Each structure stands twice: as C-alpha cells, then as structure tokens.
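To keep things clear, I will list the structure first and then write my remarks on it.
The values are calculated or read from the model by the stated rules, or taken from the named source; none is laboratory data. Predicted model, so just to flag it, every value in this text is computed and none were measured. Cβ placement follows ideal geometry from the backbone for every residue including glycine, while neighbour counts extend to all protein chains displayed. Just so you know, the surface numbers come from the protein's heavy atoms only, side chains and all, with ligands and any DNA or RNA stripped out. Shrake-Rupley method; radii C 1.70, N 1.55, O 1.52, S 1.80 Å.
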Amino acid sequence: NAGVMQNPRHLVRRRGQEARLRCSPMKGHSHVYWYRQLPEEGLKFMVYLQKENIIDESGMPKERFSAEFPKEGPSILRIQQVVRGDSAAYFCASSPRILAGVETYNEQFFGPGTRLTVL
Amino acid sequence: AQTVTQSQPEMSVQEAETVTLSCTYDTSESNYYLFWYKQPPSRQMILVIRQEAYKQQNATENRFSVNFQKAAKSFSLKISDSQLGDTAMYFCAFMNVGGGTSYGKLTFGQGTILTVHP
C-alpha cells in the first residue's frame, strides 16, 4: 500500500505565477488535510477536505488560495499570483473515514511535502 | 482555539543519554489526543508517540515515553538511550476528537531541534 504521495517535491515559481500542488492520499482514505510550514516554524493547518467537499478551510488565506478534492483524482492546492511570502513547505496528510458521533482517532499519514520557492 | 507551546528551541544530548523535551498546551476541549512528531532532515513527518487525554497512564513506545500532566496541561517527551538517528526537529501536536469545528485537525507547536552528539 503506497503512502501519501505529493508532487512535485520541489516547485519554483516567479512572483505572479500560479502554483499547483497535488496530493494523492493513501488507498482507502477519503479525508485530506493540507498544512503549511514556513521556514523555522511548525506546521500550520490550512484546509480539511473530503471527497468533493471542503469541511474546514479556517486556515486558508482569504485570497489567492484554493483547494479541492474531486471525486476522481488527487487533491489540489492552488495558489494564484504567488508572492515571496508563499515560499514554504506544503504538507498533505490523509486519514480514513471518520466515524461521526464516536470519539475515535484516525491517524493522519503525512506525505513528503512540496517545497515551494517563489523567486 | 487550541495553542501548543514548545519553549525549548534547541536541545542537545550525548549518545546513550536521556533527554526530555517540554510541551504545554491550552484548550477548552475535553476530548483530545496529544502527539509527538519527528521531522528529520528529509522533512518527512513521522509519528513518534500518541497520548489519549482520557487515559491516565503515560504512553510508551520503546525508548520514547511521555509525562502527561492533564491538570497542568503539560506533555513532555522523554527519549532514553539517545541515538544519532534521533537527531531531528520534534513537534508536539494537539487534536480535538470531541467534535465541533476544530475536529480532526492538528495544531502544532513551534518545534524543538534535538541534536544527538557522539
């Protein structure tokens, strides 16, 4: 069973370009989380998605950032008109289906991350 | 909202010695889990140990153990018999599992860089 896959591993963009980061969750996992790690800092939650639904986007910047997790294919984190401050490592994590109403823990399995550099 | 604080930016230890990394957190939730993650130079996030808040017994995984003080909201990690491969950034993290809008997402501390010296 392959782990969480992210591509590209490294992405270089010039200011004003668009960045698309892809995340393929583990087989059987229907929940995806995106986190951002700025240099010398911890990971910060950005967005939580299920298939075709955004569950929690409280950590997403209001502008230029969007995320989707379509019925088929990987989850995509899209950053429009990138600026130097977007340079960071972006991590995706996936977990299996969460049982509603029951205190249960679903471990999040992390991908290797995409390091975005904005020139 | 939850906060997680790691007050030690850097720590060092000699090989085979024991080291303790500190973490405190703040939350109004009653059902939650706490974690320690390791991030080596490869940047891959690796789960080291997990503690359920409803359990009084401290979690242990081989050379790794925690001291969970729920009333004090403290969650430290002890690494025994330190090895060179333990050199990494260590993150403390919190997850609400009791429902509500913050359910399921991880809140991380700032991290502690641990260096194990031969």
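Below are the figures for this structure:
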read-out: Centroid-to-centroid separation of segment A:1-63 and segment B:22-43 [C-alpha atoms, Å]; value: 20
read-out: Förster radius 22 Å - calculated FRET efficiency between A:Glu68 and A:Ser30 (Cβ-Cβ, nearest 0.05); value: 0.95
read-out: Pairwise label distance in nanometres, A:Ala2 with B:Tyr54, each label 7 Å out on the Cα-Cβ vector; value: 3.7
read-out: Chains A and B, summed buried accessible surface - 1.4 Å probe, Å², nearest 100; value: 2000
read-out: Longest site-free stretch - chain A; sites: trypsin sites (Lys or Arg not before Pro), DSSP loop, at most 15 other Cβ within 10 Å; value: A:72-96
read-out: Under 15 Å, Cβ to Cβ, from A:Pro25 - net charge with Lys/Arg +1 and Asp/Glu -1; value: +1
read-out: Counted charge near A:Glu40, where neighbours are those whose Cβ lies closer than 15 Å (Asp, Glu -1; Lys, Arg +1); value: +2
read-out: Paramagnetic label zone (point 7 Å from Cα along Cα-to-C-beta, B:Met11; backbone N under 11 Å) in segment B:81-96; value: B:90-92
read-out: Neighbour cut-off at most 16 other Cβ (10 Å), DSSP loop, trypsin sites (Lys or Arg not before Pro), segment B:1-62; value: B:Arg43, B:Lys55
read-out: Gain upon complete extension [B:Gln69, B:Leu84; 0.36 nm per residue less C-alpha separation]; value: 2.5 nm
read-out: From phi via Karplus (6.51, -1.76, 1.60), per-residue ³J(HN,Hα) for segment B:49-66 in Hz, x at Gly/Pro; value: 7, 10, 10, 7, 5, 7, 8, 7, 6, 6, 6, 9, 9, 6, 7, 10, 9, 10
read-out: Solvent-accessible area per residue for chain B (1.4 angstrom probe, square angstrom); value: 47
read-out: Kirkwood Rh in Å, taken over all unlike Cα pairs in chain B; value: 14.4
read-out: Size of electric dipole in segment A:1-88: Cβ of Lys, Arg +1 and of Asp, Glu -1, about Cα centre, debye, nearest 20; value: 340
read-out: Percent carbon-and-sulfur accessible area, chain B, ignoring ligands, DNA and RNA, probe 1.4 Å; value: 46
read-out: Pairwise FRET efficiency - A:Lys44 versus A:Val83, Cβ, R0 = 22 Å, nearest 0.05; value: 0.85
read-out: Under 10 Å, Cβ to Cβ, from B:Glu15 - net charge with Lys/Arg +1 and Asp/Glu -1; value: -3
read-out: In segment B:1-71, the GluC sites (Glu not before Pro) that fall in loop regions by DSSP, at most 15 other Cβ within 10 Å; value: B:Glu15, B:Glu17
